[in-house]
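Enquirer: Please find one structure pasted underneath; my questions will follow.
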Amino acid sequence: MEKKNIDWSSIGFAYMPTDYRYVSNFKDGKWDEGTLSTDPNIVLNECAGVLQYSQSVFEGLKAYTTEDGHIVTFRPDLNAERMAASAARLEMPVFPKERFIDAVEQVVKANAAWVPPYGSGATLYLRPYMFGSNAVIGVKPADEYQFRILTTPVGPYFKGGAKPITIRVSDYDRAAPCGTGNIKAGLNYAMSLHAIVDAHKQGFDENMYLDPKTRTKVEETGGANFIFVTKDGKVVTPKSDSILPSITRRSLIYVAKEYLGLEAEEREVYFDEVKDFAECGLCGTAAVISPVGKINDHGKEICFPSGMEKMGPVIQKLYDTLTGIQMGRIEAPKGWIHVIE
């Protein structure tokens, strides 16, 4: 299929409507067959559950053009499983895993002309989401829901290379100790908006949230998990019941062990030990890894030996290996790459 006439290298990480989106409705206890739609607009009752009580969950994944010309997605089965867990936590009906993957296939095929070409640095971002759609005035779960997937081409996250960022230790909590921090609910991200706007005003790129119970352990940022590297080359990621189980983080841990032969562990990370790490990064779908060069703890700076000019050597290897797998330059573990066409 002929690609859209777009300067792929100039687009940013922003919404650009494509030709089709996938829509399925839940009513009377079951999901309908689902369909592709050309209409990007949603019409809701003023009392819809999502508007009154924020009953919504979402996912994020990408479609890539690989080196051999195939269009693929990366581990969509894990997105389906995570969305199912998110929905169950908010008393929403689970959209079946097989149907989730089929919907991803349908919407990517329909928008194949919008999947950026290999080598452009750009990708097609997919946003599956679900929300309570019928009128709800009492505090209770909705009875009807809509599941949708929108797609939008996004440019390379790092234009001109991945420069390390500066983050701060936040005075705000991202999630409650026994709350919804471990699911991908829209309300979690609303909670972080004031903190990130304030961080930007103060000259920082992101927030580091500590655990809400003791404020002694590293959790995550508003939209990414942390990954650290010790001075002897071990990869460490924080473990907590109140952070999102990142698919990128899980993939990086596997890559560290199985591809790079590194020690890697998921464990509680106390803030007091952060100063002793050699490298730090934020990992997620958008950038894979964003290197962190400096952390500001209320005026006291923690500067990582990897510096402020480029990724540290271990994080760079992790980044290169995982993106190589995603783009088809490196052989992937079985089941990681889902070929669309």
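The values are calculated or read from the model by the stated rules, or taken from the named source; none is laboratory data. Just so we're clear, the structure is a prediction, and the values are computed from it rather than from any experiment. Don't worry about glycine lacking a Cβ; one is built from the backbone with ideal geometry, like all the others, and counts go over all protein chains shown. Side chains are part of the model used for accessible areas, which takes the heavy atoms of the whole protein and leaves out ligands, DNA and RNA. Shrake-Rupley method; radii C 1.70, N 1.55, O 1.52, S 1.80 Å.
Enquirer: Classify segment 264-341 from the C-alpha gyration tensor, please: rounded if a/c falls under 1.5, else prolate or oblate depending on whether a/b exceeds b/c.
Expert: Prolate is the answer for segment 264-341, as a/c is 1.5 or above and a/b outweighs b/c.
Enquirer: Now for a separate question. Let me know the shape class of segment 66-142, please: from the alpha-carbon gyration tensor, a ≥ b ≥ c as square roots of the eigenvalues, rounded when a/c is under 1.5, otherwise prolate if a/b is greater than b/c, or oblate.
Expert: prolate
Enquirer: On to the next question. Measuring from the lowest to the highest alpha carbon on each principal axis, how far does segment 19-152 reach, largest first, in angstroms?
Expert: 53, 28, 25
Enquirer: For segment 189-202, just list the computed ³J(HN,Hα) in residue order, Karplus coefficients 6.51, -1.76 and 1.60, θ = phi - 60°, integers in Hz, with x standing in for Gly and Pro.
Expert: 6, 4, 4, 8, 5, 4, 5, 6, 4, 5, 4, 4, 4, 8
Enquirer: Any chance you could check the Cα centroid distance between segment 256-276 and segment 157-194 for me, in angstrom?
Expert: Cα centroid of segment 256-276 versus Cα centroid of segment 157-194: 20 Å apart.
Enquirer: For q = 0.06, 0.13, 0.15 Å⁻¹, what log10 I(q)/I(0) does the chain give under the Debye formula with an equal point scatterer on each alpha carbon and no solvent?
Expert: -0.22, -1.06, -1.36
Enquirer: Okay, next question. What are the semi-axes of the equivalent ellipsoid for segment 165-204, taken as the square roots of 5 times the Cα gyration tensor eigenvalues, largest first, in whole Å? Display every interim value, and only then the final one.
Expert: Working: eigenvalues 90, 22, 14 Å².
The equivalent ellipsoid of segment 165-204 has semi-axes of 21, 11, 8 Å.
Enquirer: Right, next: Report for segment 163-324 the percent antiparallel among DSSP-assigned beta bridges with both residues inside it, nearest 5.
Expert: 65 percent
Enquirer: While we're looking at this one, here's another question. On the accessible surface of the chain, probed at 1.4 Å, how many percent belong to carbon and sulfur atoms?
Expert: Details: 7840 of 15640 Å².
Exposed carbon and sulfur together represent 50 percent of the surface.
Enquirer: Now, a different point. In sequence order, what are the phi-derived ³J(HN,Hα) couplings for segment 20-31 according to the Karplus relation 6.51 cos²θ - 1.76 cosθ + 1.60 with θ = phi - 60°, rounded to whole Hz, with x for glycine and proline?
Expert: 9, 9, 9, 9, 9, 10, 9, 8, 6, x, 8, 7
Enquirer: Under a 1.4 Å probe, what is the accessible area of the chain per residue, stated in Å²?
Expert: 46 Å²
Enquirer: What is segment 189-279's relative contact order, in percent, from Cα pairs under 8 angstrom and six or more apart in sequence? All intermediate terms of the calculation are to be shown ahead of the outcome.
Expert: On the way: 128 pairs, mean separation 24.2, N = 91.
Reported relative contact order: 27 percent.
Enquirer: Sticking with this structure for a sec: About the Cα centre of the chain, what is the dipole size in debye to 20, counting +1 per Lys and Arg Cβ and -1 per Asp and Glu Cβ, all else neutral? If you can, show how the numbers build up before the last one.
Expert: Values: 38 positive and 44 negative charges, 61 e Å.
My answer is approximately 300 debye.
Enquirer: Okay, next question. Using modelled amide H (1.01 Å from N, peptide plane; none on Pro or chain starts), what sits under 5 Å from the amide H of G34, excluding residues fewer than 5 places away?
Expert: N25
Enquirer: Pick out, from P93, W336, P313, the residue whose Cα sits farthest towards the positive end of the charge dipole of the chain, with +1 on the Cβ of Lys and Arg and -1 on the Cβ of Asp and Glu.
Expert: Most positive-ward Cα: P313.
Enquirer: Please report the base-10 log of the normalised intensity I(q)/I(0) for segment 163-324, using a Debye sum with one equal scatterer per alpha carbon and no solvent, at each q in 0.15, 0.18, 0.19 (1/Å).
Expert: -0.75, -1.11, -1.24
Enquirer: Next question. Which whole-number percent gives the relative contact order of the chain, counting Cα pairs below 8 Å spaced six or more residues apart?
Expert: Relative CO of the chain lands at 19 percent.
Enquirer: Take the residue pairs K62/K257; K62/K317; K109/K163; K184/K213; K27/K184; K201/K294 and return only those whose Cα atoms are more than 26 Å apart.
Expert: K109/K163
Enquirer: Based on the mean of other Cβ atoms within 10 Å per residue, sort peptides 140-150, 193-203 so the most packed one is first.
Expert: Averaged packing, sorted descending, gives the order 140-150, 193-203.
Enquirer: Among S290, V139, P238, flag the residue with its Cα farthest along the positive direction of the charge dipole of the chain, charges on Cβ as +1 for Lys/Arg and -1 for Asp/Glu.
Expert: Final value for the positive-end residue is S290.
Enquirer: While we're here: To the nearest 20 debye, what is the magnitude of the charge dipole of segment 6-146 about its Cα centre, counting +1 on the Cβ of each Lys and Arg and -1 on the Cβ of each Asp and Glu? Present the calculation step by step, with values, prior to reporting the outcome.
Expert: Working: 12 positive and 18 negative charges, 65 e Å.
Roughly 320 debye for segment 6-146.
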